[in-house]
1. Apply the Karplus curve 6.51 cos²θ - 1.76 cosθ + 1.60, θ = phi - 60°, to the phi angles in the range 132-147 and return the couplings in whole Hz, x for Gly and Pro.
2. With a/c under 1.5 counting as rounded, go ahead and sort the range 22-172 into rounded, prolate or oblate using the C-alpha gyration tensor (a ≥ b ≥ c being the square roots of the eigenvalues; past the cut-off, prolate if a/b is larger than b/c, else oblate).
3. Set the Förster radius R0 to 30 Å, insert the Cβ-Cβ distance between A46 and E105 as r into 1/(1 + (r/R0)^6), and round the FRET efficiency to 0.05.
4. Can you give the alpha-carbon Rg of the range 106-161 over 2.2 N^0.38 Å, where N counts its residues?
5. At 1.4 Å probe size, with every protein chain present, just tell me what the per residue accessible area of the chain comes to in Å².
6. List the relative contact order of the chain as a percent without decimals, with contacts defined as Cα pairs under 8 Å and 6+ residues apart.
7. Checking the table K52/K132; K42/K94; K52/K118; K88/K118; K102/K132 against a 29 Å threshold on Cα-Cα, which pairs fail?
8. How many percent of the accessible area of the chain is carbon or sulfur, using a 1.4 Å probe?
Amino acid sequence: MASQVEGDGGDRTIATNRRARHEYHILETVEAGLVLRGTEVKSLRAGGVNFKDSYATIRSGEGWLLGCHITPYSHGTDANHEPERDRKLLLHRKELGRLGGKIAERGLTLIPLRLYFKQGRAKVELGLGRGKKLHDKRATVRERDQRREMDQAARTMTRAGGPRRRSRDDDE
């Protein structure tokens, strides 16, 4: 049971949805629990999860995670879980009402950002996001490239000993 002893209450990330921050402007994040079966938990501990095309929704006052693929447990029997089944989210009623209103009113989407274990329980971090347009994606890539170039220039300056000092011979 090394996985439970690993950290003192720290999060152990299973998977992150890196595509979500590229496709959406994330306005706020919410932590939710997941209702899982035993073989799903064992598969998650092995890291078998895929967020491609997954999202969360609110149906009849309950939160649901749709399209999240958890691979079947390798040592499972005929009682193994269905990989693409809808999974119930554990959220407070106030949070469900608030998120449901924002999704319906403003056209926002709930996207799973990462899946992790917190104190032995599987949690999902949901992001309330608005879809980016193509020009927004290009601007994000441009900003990231500029930041990378500035960091590289700063590193080369510190390696070279800072900016070049002028000597007396340069004045003449």
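1. For the range 132-147, the Karplus curve yields 8, 8, 4, 5, 5, 5, 5, 5, 4, 5, 4, 5, 5, 5, 5, 4 Hz.
2. Details: a/c = 3.33, a/b = 2.03, b/c = 1.64.
The shape class here is prolate.
3. Details: r = 40 Å, r/R0 = 1.32.
E(calc), rounded to 0.05, equals 0.15.
4. Values: Rg = 18.5 Å, N = 56, 2.2 N^0.38 = 10.2 Å.
That works out to 1.82 for the range 106-161.
5. Numbers: 11840 Å² over 172 residues.
Accessible area per residue, the chain: 69 Å².
6. Details: 255 pairs, mean separation 49.5, N = 172.
Answer for the chain is 29 percent.
7. Numbers: K52/K132 17 Å; K42/K94 31 Å; K52/K118 23 Å; K88/K118 18 Å; K102/K132 17 Å.
Violating the 29 Å Cα-Cα cut-off are K42/K94.
8. Details: 5490 of 11840 Å².
Of the solvent-accessible surface of the chain, carbon and sulfur hold 46 percent.
The values are calculated or read from the model by the stated rules, or taken from the named source; none is laboratory data. Computed from a predicted model, the values in this text were never measured in an experiment. Note: ideal-geometry Cβ built from the backbone for every residue, glycine included; neighbour counts use all protein chains shown. For accessibility, only protein heavy atoms count, side chains too; no ligands or nucleic acids. Shrake-Rupley method; radii C 1.70, N 1.55, O 1.52, S 1.80 Å.
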